[in-house]
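Working notes, structure below.
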Amino acid sequence: MAKKLFVRTYGCQMNVYDSARMADVLAPLGYAPAETPEAADMVILNTCHIREKASEKTFSELGRLNLIKQDKRAAGSDLTLAVAGCVAQAEGGEILRRAPYVDIVVGPQSYHQLPELVARAARAGGQVLATDFPAEPKFDHLPDGAPQGPIAFLSVQEGCDKFCTFCVVPYTRGSEYSRPVSAIVAEAKRLASQGAVEIALLGQNVNAFHGEGPDGKTWGLGRLLREIARIDGVERLRYTTSHPRDLDDELIAAHRDEAKLMPFLHLPVQSGSDRILAAMNRRHTAADYLRLVEKLRSARSDLALSSDFIVGFPGETEADVQATLDLAEAVGFAQAYSFKYSPRPGTPAALMDGQIAEDEKSRRLGRLHEVLERHQLAFNRRMVGRRLDVLAERPGRKPGQLIGRTPYLQSIHFDGAERLIGRMVSLEVTAAHGISLSGQVAVMEEVAA
Ligand code: SAH
Ligand code: SF4
Ligand code: F3S
């Protein structure tokens with residue numbers, strides 16, 4: 001009998017990509033997608049450990065899933081429960097203790113072992129834990145993926161060696177690993193043949209990419225992007241997430257020369273205060289960041305910038321907050337994410353003096369939001385009346401409406417037939433909202449098949 005799999009994903013794009021790959025790995029075992037956990041024979045929770053709130057969701061969600069499991073058992077069937085992702089990696093043993101009904105705990109480097117883990121859990125009727133960092137890269141053992149639609153994600157790099165003092169990623173994802181260029185290009189060609197028009201290259205530290213090229217030399221991200229841009233059918237390229245330290249001239253030049261590389265860059269700065277940046281071990285100053293922004297904008301004048309910020313890092317003073325607000329004003333980000341500092345077990349910053357009270361962090365976050373939202377709205381408003389190339393991505397909420405992405409990664413709503421999905425359309429922007437745009441079809445362009 002066909003079995004059903006439900007995957008719930010928390011956290012970053014890498015987790016979204018990994019969830020799809022886990023479904024790919026389990027498909028040959030007869031697992032087809034389920035709409036709900038209730039309809040599934042197996043549920044995978046793909047978890048995120050980045051902040052306390054994200055991590056706590058794991059245990060509350062597991063409690064709910066256990067109720068479903070017990071109901072199924074009472075009715076004579078069962079539910080296999082697997083926990084994957086960064087909480088699995090960081091707290092595998094703790095999960096098995098606190099949630100003894102969990103069958104499988106699998107870390108991000110071990111997804112290719114899932115068929116074996118499922119078999120072992122069924123045989124043993126007990127719990128299995130796979131959170132080693134295997135020597136062999138998992139990518140060599142993952143099957144080809146199912147089609148992802150017009151916008152596809154492709155992991156090119158994993159892990160992080162930066163050790164920012166607030167961050168769990170170097171511990172949950174391990175050290176930096178770059179896939180070989182030939183494997184990435186093969187996957188990109190397959191994605192294009194499956195209908196992907198836009199490909200986003202993913203990595204925890206994507207611009208630290210240093211993969212082995214077909215010429216035996218080490219390639220950086222700029223070179224890789226140029227290579228993928230040559231693939232027929234690929235109209236748009238993006239990449240995320242980058243670190244200011246690894247933004248080299250080759251990548252900046254790709255933004256100048258490569259028309260398929262979209263004018264959008266997510267480049268987290270975290271803080272505008274040099275003192276805090278040093279305490280975070282970011283290894284760049286606010287001035288370094290501003291210089292980079294200038295260089296990028298002289299390569300591509302319309303480049304839209306995005307960032308992550310953390311407020312309330314230990315020891316952050318009023319002057320530090322002001323420096324962050326000043327930096328946000330100076331850059332004028334097209335969009336940005338901002339977070340209250342969350343102390344994470346095992347990270348150096350969690351043990352630092354000068355931890356800031358929650359309500360003070362909230363006040364600082366509010367002040368930063370005000371600046372960031374103002375700039376985002378201003379950026380969106382500047383689009384009104386312009387014509388933009390939009391990739392129609394999916395149906396909107398209202399009948400007859402579609403949602404697409406502008407080159408600057410804004411969501412744009414417009415009226416259009418469903419057959420336009422997966423195609424480039426030229427839209428005139430008619431209105432700007434806080435986080436999205438409205439538009440109407442100006443000219444339709446055929447996409448090169
Ligand atoms: N590799 C990426 C993404 C890291 S996680 C990068 O280097 O930017 C995404 C964001 O979460 C980070 O940029 C940071 O702003 C935020 N973050 C990470 N750890 C955090 C913590 N302990 N508390 C609050 N925010 C955190
Ligand atoms: Fe975390 Fe810093 Fe690495 Fe980003 S660069 S993943 S914030 S340690
Ligand atoms: Fe979260 Fe792990 Fe991504 S901690 S942000 S899922 S790398």
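Here, each number is a calculation from the coordinates, and none is a lab measurement. Note that this is a predicted model, so its numbers are computed, not measured. With ideal geometry, Cβ positions are generated from the backbone for all residues, glycine too; neighbour counts draw on all protein chains shown.
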Highest GNM mean-square fluctuation among Asp249, Asp103, Asp215, for the chain with Cα springs under 10 Å, belongs to Asp215
Straight-line reach check, Lys361, cutoff 24 Å on alpha carbons, 8 or more apart in-chain or any other chain, hits among lysines -> Lys53, Lys57, Lys340
Near Lys295, which aspartates and glutamates are there with a Cα under 15 Å away, not counting those fewer than 8 places off in the same chain?
Asp246, Asp248, Asp249, Glu250, Asp257
For Ala442, which sequence-distant residues (separation of 5 or more, or a different chain) have an amide H within less than 5 Å of its own amide H, given hydrogens modelled in the peptide plane?
Ser426, Leu427, Glu428
Taking the convex hull of the alpha carbon atoms in the chain, what volume per residue do you get, in Å³?
156
Taking every other residue with Cβ under 11 Å from the Cβ of Leu26 and scoring Lys and Arg +1, Asp and Glu -1, one gets +1
Quote the convex hull volume per residue of region 298-382, based on C-alpha atoms, as a whole number of Å³.
106
Ranking request for peptides 276-282, 398-404: highest mean number of other beta-carbon atoms within 10 Å first, then the rest in descending order.
276-282, 398-404
Which longest uninterrupted range of the chain lacks any GluC sites (Glu not before Pro) assigned by DSSP to a loop state (not H, G, I, E or B) and surrounded by at most 14 other Cβ atoms within 10 Å?
36-444
With runs of 4+ DSSP H residues as the only contributors, calculate the mean residue ellipticity of the chain at 222 nm using -39,500 (n - 2.57) per run, divided by the residue total and rounded to the nearest 500.
-11000 deg cm²/dmol
Per DSSP, the loop-located trypsin sites (Lys or Arg not before Pro) within region 226-279 having at most 16 other beta carbons within 10 Å are Arg230
Taking a Cβ-Cβ separation under 4.7 Å as the criterion for a possible partner, which cysteines of the chain have none?
Cys12, Cys48, Cys86, Cys160
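Take every DSSP beta bridge whose two residues both sit in the chain, then give the antiparallel share in percent to the nearest 5.
35
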In angstroms, what radius of gyration and Dmax does region 391-434 have, counting Cα atoms only?
9.7, 28
Once the Cα gyration tensor of region 186-246 is diagonalised, what are the square roots of 5 times its eigenvalues, in whole Å and ordered largest first, as equivalent ellipsoid semi-axes?
20, 15, 9
Using a Gaussian network for the chain with springs between C-alpha atoms less than 10 Å apart, which of these wobbles most: Asn66, Asn46, Asn207?
Asn66
Could you give the Stokes-Einstein D for region 144-262 in µm² per second, using the C-alpha Kirkwood radius, 20 °C, 1.002 mPa s?
148
What residues qualify as long-range amide H neighbours of Gly315, i.e. H under 5 Å apart, gap of 5 or more or another chain, H built at 1.01 Å from N?
Gln355, Ile356
